[in-house]
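Inspection log for the structure reproduced underneath, given as structure tokens.
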Amino acid sequence: MKRILVTGGAGFIGSHLCSRLVEEGNDVICIDNFFTGSKSNIEGLLDRHNFELIRHDVTKELLVEVDQIYNLACPASPVHYQYNPVKTMKTSVMGAINMLGLAKRVKARILQASTSEVYGNPNEHPQPEKYWGNVNPIGIRSCYDEGKRAAETLFFDYHRQNGVDIKVIRIFNTYGPNMNANDGRVVSNFIVQALKNEDITIYGDGKQTRSFCYVEDLVEGMIRMMNSREGFTGPVNLGNPEEFTMLELAEKVLALTGSRSKIIHKLLPKDDPVRRKPMIDMAKKELDWQPRVNLEEGLQRTITYFEKAVNVALQ
Ligand code: NAD
Ligand code: UDP
């Protein structure tokens, strides 16, 4: 069993990852500044002897002794990462430098949670790892996209320059329980709106596409990547290649919730990517990984979670 650090461990994906790692008997240290994460996401872990929570910001140095580091700290929803864009960039860049410095000092293996956003508004479809992307360097999404791209650069330079044992994954849109009801991302927005019988807000014409991965599948892929063969650094895409338009997603949510909500259209945010779908051949070959949960089943599980969460919020 290993000593494992998870940054951003109180967030949506981090909380599922911490649960899995604790269940497997590892000693898990979760650090979080609670910008978008919450203690309620990890409530069930707080009294476990092999789980430790530290309030800490990754832009500051951290001294712990661990074998593995999963670096997830960074707001992921456009609404939240655009709230304080300078801080978002600092979190990605300084967070990467601090965690890579720690990995170098204690000789830990370190995995970076990068993103499909490094492909920007892609000219290649679907996106293979070798595609370099089409990213606006000065737009409203740049603090996140370019921050993550800079973090990837730092990972590969620490690897080449200092021999740090790195793993880089590019996560495509992931959803599931523990998303914040106010997160602002499309799956949580549509489900919460449908459960409250409020208008479903489609930005633009709704013909833009995304490929949605259920969180349990993603966490399996992350752990496989962390424990993959020596010398395999990635970057590797992790996502579900089933592609849907936002209109199709809205219709599925309406059907599954039986909601009376109506679909309305709002302005499309600037630089919103038109389409996104991962090529996952590398993950299949190197990690023997592919998603198992289809959108319908994943949405159903997420709706069950939000039914409780929304009820609590309304009380
Ligand atoms: P999230 O916002 O729920 O989780 C991020 C966590 O990081 C939160 O708990 C937040 O409080 C914490 N955090 C933010 N800034 C911090 C800082 N400076 N110091 C310490 N903690 C900080 O988002 P998520 O969806 O769970 O995403 C987790 C990671 O996966 C992020 O790095 C994100 O970029 C990446 N990712 C997610 C998706 C997705 O679809 N969910 C897609 C691509 C990449
Ligand atoms: N979106 C939408 N309605 C919402 C929230 C998002 O139509 O209430 C759209 C958004 O414009 C984008 C897609 O859904 O085209 C996915 O948005 P999200 O913020 O979830 O993720 P990202 O754009 O980072 O992939």
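Laboratory data are not the source of any read-out in this text; all were calculated from the coordinates shown. All values reported here derive from a predicted model rather than from experimental measurement. When we count neighbours, we look across all protein chains shown, and the Cβ atoms used for this are built from the backbone with ideal geometry, even at glycine.
Numbers for the structure displayed
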| item | result |
| --- | --- |
| Qualifying lysines (Cα of each under 21 Å from Cα of K104; at least 8 residues distant if same chain) | K2, K60, K90, K148, K167 |
| Residue order, fewest to most surrounding Cβ atoms within 10 angstrom, among V86, V192 | V86, V192 |
| Neighbour-count order for I138, I31, fewest beta carbons within 10 angstrom listed first | I138, I31 |
| Residue order, fewest to most surrounding Cβ atoms within 10 angstrom, among V164, V66 | V66, V164 |
| Debye log10 I(q)/I(0) at q = 0.20 Å⁻¹ for the range 139-203, Cα point scatterers | -0.89 |
| Sequence-separation-based contact order of the range 71-152, relative, with Cα cut under 8 Å and 6+ spacing, percent | 38 percent |
| For the range 196-211, Karplus couplings with θ = phi - 60° (6.51, -1.76, 1.60), whole Hz, Gly/Pro x | 8, 6, 8, 4, 8, 8, 8, 8, x, 7, x, 8, 5, 10, 9, 10 |
| Cα gyration tensor of the range 1-94 - equivalent ellipsoid semi-axes, whole Å, descending | 23, 14, 10 |
| Vicinal HN-Hα couplings computed from phi for the range 267-274 (Karplus, 6.51 cos²θ - 1.76 cosθ + 1.60; Hz; Gly/Pro x) | 4, 6, x, 4, 6, 5, x, 6 |
| Computed over the chain: relative contact order in percent, which uses C-alpha pairs under 8 Å that are six or more apart | 17 percent |
| Spin-label proximity, N227 to the range 154-171 - amide N less than 15 Å from point 7 Å beyond Cα toward beta carbon | none |
| Debye intensity ratio in log₁₀ form over the Cα atoms of the chain, taken at each q of 0.07, 0.10, 0.12, 0.15 Å⁻¹ | -0.25, -0.53, -0.78, -1.26 |
| At 0.890 mPa s and 25 °C, Stokes D of the range 212-315 from Kirkwood alpha-carbon radius, µm² per second | 151 µm²/s |
| Residues with amide H under 5 Å from that of C213, placed H, sequence gap 5 or more | T174, Y175, N240 |
| Cross-link reach list, lysines versus K266, counting only Cα pairs under 20 Å and skipping chain neighbours closer than eight places | K196, K207, K252 |
| Most fluctuating residue given options E230, E243, E152, as computed from a GNM of the chain linking Cα atoms under 10 Å | E230 |
| In order through the range 161-178: 3J(HN,Hα) via Karplus (6.51 cos²θ - 1.76 cosθ + 1.60), integer Hz, x for Gly, Pro | 7, 10, x, 5, 7, 10, 9, 10, 10, 10, 7, 9, 2, 10, 9, x, x, 6 |
| Of every Cα-Cα pair in the range 112-176, the percent that sits beyond 20 Å | 31 percent |
| Helix-only CD estimate at 222 nm, as mean residue ellipticity for the chain, using -39500 (n - 2.57) per DSSP H run (n ≥ 4) | -12000 deg cm²/dmol |
| Rg(Cα) / (2.2 N^0.38 Å) computed for the range 10-156, rounded to two decimals | 1.08 |
